[in-house]
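First the structure, in the form of structure tokens, and then the observations on it.
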Amino acid sequence: MTQAKKSSRSPLKIITAIVAVIVVILFLSAGLQIRDAAQGYSVDYDSRNYLYAAEHGRFGQLYEMAVQDMDKEADYSSEVSECRALAFYYEQAVLEHAYRATGDDAAADAFAKRMEEYESQLGSMSSKAKAVQKAVNDQK
């Protein structure tokens, strides 16, 4: 009978060990996710993604990429920095247009001023500023 008791306990010990390992893995995974969340979330887009969106007039997509790729410690290349400036220029243009449409000229003027700040950072993307204005004015 002692042999039967040993064999019946053995599967229980194995299952307990497996559950313990799974619990440890889950806790480690949760800890890593908490650490990543504390450091901030950043998607790593490369210059091709930015340039494609800018060249094809996909300013909304460009803005989304710039926001998702927010890494305060990132050292962006000059072309990516210019594309990011274009994305934020677009954001300010949309907001300026919306506030003008509602008659809030004071807020619209503030957004126009921020647009000028981003426009000074456009560099080679400065030719896209007119395309942004056209895209914003064509929106309904």
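Pairing residues of region 66-84 that are in the same structural domain as Ser120 (by TED's automatic domain parsing) with residues that are at pLDDT 90 or above and not in a helix (DSSP H, G or I), at Cβ distances under 9 Å and at least 6 apart in sequence or on separate chains, gives Ser81/Gln121; Glu82/Gln121; Glu82/Leu122; Arg84/Gln121. Just wondering, is there one or more residues in region 62-78 that are under 16 Å from Tyr118 (Cα atoms), modelled with pLDDT of 90 or more and more than 16 Å from the chain's Cα centre (by Cα)? No, region 62-78 has no match at all.
Quick check on region 102-114: of everything there that is part of a helix (DSSP H, G or I) and not hydrophobic (A, V, I, L, M, F, W, C), which residue is nearest to Tyr89 (Cα to Cα)?
So, considering only residues that are part of a helix (DSSP H, G or I) and not hydrophobic (A, V, I, L, M, F, W, C), the one nearest to Tyr89 (Cα to Cα) is Arg114.
Looking at region 38-47, can you tell me whether even one residue there is modelled with pLDDT of 90 or more and of a type in the set (A, V, I, L, M, F, W, C)? Within region 38-47, none of the residues are modelled with pLDDT of 90 or more and of a type in the set (A, V, I, L, M, F, W, C). Any residue that is farther than 20 Å from Ala53 by Cα, in a helix (DSSP H, G or I), touching a helix residue (DSSP H, G or I) at 6+ places or on another chain (Cβ under 9 Å) and in contact (Cβ under 8 Å) with a residue 40 or more places away in the chain - is there at least one of those in region 115-135? No, region 115-135 has no match at all.
The values are calculated or read from the model by the stated rules, or taken from the named source; none is laboratory data. Predicted model, so just to flag it, every value in this text is computed and none were measured. Don't worry about glycine lacking a Cβ; one is built from the backbone with ideal geometry, like all the others, and counts go over all protein chains shown.
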